[in-house]
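S.K.: Take a look at the following structure, please.
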Amino acid sequence: MNIFIVVLFCFMSAMLIVGFISAKKKEETLSDYFVAGRQMNIWIVAGTYGASFMSAGTFLGTIGYNFAYGWAALWQVIGTITALFLLAILLAKKFWRFGYYYDGYTMPDVIAHRYPSKWARGIYAIIILTIYVVGMAAMYMGFYTILSLVSGFPYLVCVIIGAVVVAIYTYSGGARAVAWTDTMCMFVMLAAMLILVPACLHYSGGFEALVTAYGQSPIPEGTTWQGGAALLSKTNSYLIFPMSLAWFMVWTTGNMSQPHQVTRMYLAKNEKTAIGALALVMIPFTFIYIGGVVIANYARVLNPYLPRIDSAFPSVALSILPPLLAAIVLMGVIAAIISTCSTMLIIASQCTSYDIYKKLINPEATDKEVLKISRATIIICSILSIVIAYFAQTITGLIFLWSSAFAMMGAGVLPSLIGAFYWKRANVPANLSSMIVGFGYTAAMYLFPALRPAWAQHPILPGLILSTVVFIIVALLTKKPDKEVIDKFFGDNLKDPGKKLKKA
């Protein structure tokens, strides 16, 4: 009997059970299906935010990057923690209050209320929908990466298993099911690291011995990997300071503007819960990312000539742990994948049924009609992600496209998002022009590297600078927003931190 398949079956069954239980507690309203009735406590909000953020990239990409390029990759960790800090002090309270007072469900809701334009909501919703369908396909490819190491399941079967399980519990319970299962996944990820990190330290002879051995690692011929003392430096010949700064900017700005992360604030039962959840999740975040460095270092010591850097994490688990513990650790990666996919899926369904259908096509649509379209979207998007993943087996750019989404989101949305809450002069033309320039120019630099300025180590820098400059100039040259819009975002509801909530 394959212990890995048994553990996978138990874990996926548990996810479905939790999803079905949550479905029994929901009402057939948009508030309940989209934002869990705004009733989630600090543990659930922290769990769903953390699990939505963690993905295949956390355990396969980030650890693999550190495996090859050294401690300089920690700039990503610094960017992530910085984003959490800035989100907590700048946006969490405002997002929660916006959702509470104005029945906000989505990120396009914020944009549409602050920049009243069908174009603004429509363009943003379509961009999110497109990126997330591709993102789910990329995640399901990571699902196969793990299962291929421990089973003989064909590629398509692995992809379908992941997509179907996620679709079933998301369809049945909506945001409540996603939040509950996300929190469960967060504990599984934490358990995986609590098992593997001490094991790495034990077998390496302790942290000091591990660092010494890691700092003596050779460079495989024909690679751009770092070796020797360069692995322990805060910068190196590959991750020079401008590149490290660029990675910091990618993760800081991207994590402040990703809808599947930021909208978790809507689920909180009050603003203190929203802010406290971000503070709480910093603890497991720090442990998981620092623990990832330990695992990456030991993987390089254990096998310095690993053929694929994204297999660093699973290779260590399979090499040093008993089968049952190795299976539990690998479930941490599966948990990261499906929790991110479920949040993307519910966000994609909101964009279609609410932002596009109800707000732009049929404003008179009832909650029942919107929910019916939302559930249909969940099925359609799941099928599309399977199809894309299937045909992407030979398209190396798919993972690249998803990884670039952080940069495009940061460059395209962040100026409008910050401006919405902190600059009264921000208006519709500024929002539209900044989004188009930010998304368009950043995407163009990825597709056509020659467009990237010589001084820029990463597309995020010129993309964000240009979109911000365009946002400011256009806002100053065009008409000020109406007083009604200004009052909505700079009145007592969102501005006064001492104001007692009307409904609380």
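S.K.: I need the phi-derived Karplus couplings for the stretch 210-223: 6.51 cos²θ - 1.76 cosθ + 1.60, θ = phi - 60°, integer Hz, Gly and Pro marked x.
M.R.: Coupling constants for the stretch 210-223: 5, 5, 4, 5, 4, x, 10, 5, x, 9, x, 4, x, 10 Hz.
S.K.: Hey, how much of the P(r) for the stretch 92-186 falls beyond 16 Å, as a percent of Cα pairs?
M.R.: 70
S.K.: Another question, then. Positive end of the charge dipole of the chain (Lys, Arg +1 and Asp, Glu -1 on Cβ, about the Cα centre): tell me which of C381, L156, I63 has its Cα farthest that way.
M.R.: C381
S.K.: Got a sec? How would E221, E208, E271 order by Cβ neighbour count within 10 Å, fewest to most?
M.R.: Placing the least packed residue first, the sequence is E221, E208, E271.
S.K.: For a quick check of your reading of the filter: which chymotrypsin sites (Phe, Trp or Tyr not before Pro) in the stretch 415-488 sit in a DSSP loop and have no more than 13 other Cβ atoms within 10 Å?
M.R.: Answer in residue order: W455.
S.K.: Which value at 222 nm does the chain reach when only helices count, each DSSP H run of 4 or more adding -39,500 (n - 2.57), with the total divided by all residues and rounded to the nearest 500 deg cm²/dmol?
M.R.: That comes out to -24000 deg cm²/dmol.
S.K.: Test of understanding: ordering V469, V110 by Cβ neighbours within 10 Å, fewest first, what list do you get?
M.R.: Least crowded to most crowded, the residues run V469, V110.
S.K.: FRET efficiency for H202 and I380, Cβ-Cβ distance as r, R0 = 60 Å, nearest 0.05?
M.R.: After rounding, the FRET efficiency stands at 0.80.
S.K.: For a quick protection proxy, order the peptides 134-145, 336-347 by their average other-Cβ count within 10 Å, most packed first.
M.R.: 336-347, 134-145
S.K.: How large is the dipole of the chain about the Cα centre if only Lys and Arg carry +1 and Asp and Glu carry -1, each at its Cβ, rounded to the nearest 20 debye?
M.R.: 1340
S.K.: Let me ask something else about it. Can you tell me what the convex hull of the Cα atoms of the stretch 206-259 projects to on average, as an area in nm²?
M.R.: Mean projected area of the Cα convex hull: 5.6 nm².
S.K.: Still on this structure: Report the rotationally averaged projected area of the stretch 35-158 based on its alpha-carbon convex hull, in square nanometres. Kindly include the intermediate steps, with their values, before the conclusion.
M.R.: Working: hull surface 43.1 nm².
Averaging across all directions leaves 10.8 nm² for the Cα convex hull.
S.K.: Further question: Once phi is turned into θ = phi - 60°, what whole-Hz ³J(HN,Hα) does the Karplus curve with 6.51, -1.76 and 1.60 give for every residue of the stretch 478-487, x standing for Gly and Pro?
M.R.: Once rounded to whole Hz, the list reads 10, 5, 5, x, 5, 4, 4, 5, 4, 5.
S.K.: How many angstrom lie between the Cα centre of the stretch 8-58 and the Cα centre of the stretch 123-144?
M.R.: 19
S.K.: Shape verdict for the stretch 3-394, please, from the Cα gyration tensor: rounded (a/c under 1.5), prolate (a/b greater than b/c) or oblate.
M.R.: Prolate is the answer for the stretch 3-394, as a/c is 1.5 or above and a/b outweighs b/c.
S.K.: A follow-up question, please. Amide H to amide H, which residues 5 or more places from Q39 or on other chains are under 5 Å from it, using H placed in the peptide plane?
M.R.: Hits under the 5 Å cutoff: none.
S.K.: Can I ask one more? Could you estimate the translational diffusion coefficient of the stretch 23-88 from the Stokes-Einstein equation, with Rh from the Kirkwood formula over C-alpha pairs, at 20 °C and 1.002 mPa s, in whole µm²/s?
M.R.: Calculated translational D: 147 µm²/s.
S.K.: Would you work out which of V316, I240, S217 lies farthest towards the positive end of the dipole of the chain, given +1 charges on the beta-carbon of Lys and Arg and -1 on that of Asp and Glu, about the Cα centre?
M.R.: Of the candidates, I240 comes out farthest on the positive side.
S.K.: Related question: Taking neighbour Cβ counts within 10 Å as the exposure measure, how do T366, T352 sort from fewest upward?
M.R.: T366, T352
Quick note: the coordinates plus some simple rules give every number you see, no bench work behind them. Small disclaimer: the values here were computed from a predicted structure and weren't measured. Reconstructed Cβ throughout: ideal geometry from the backbone, glycine too, with neighbour counts over all protein chains shown.
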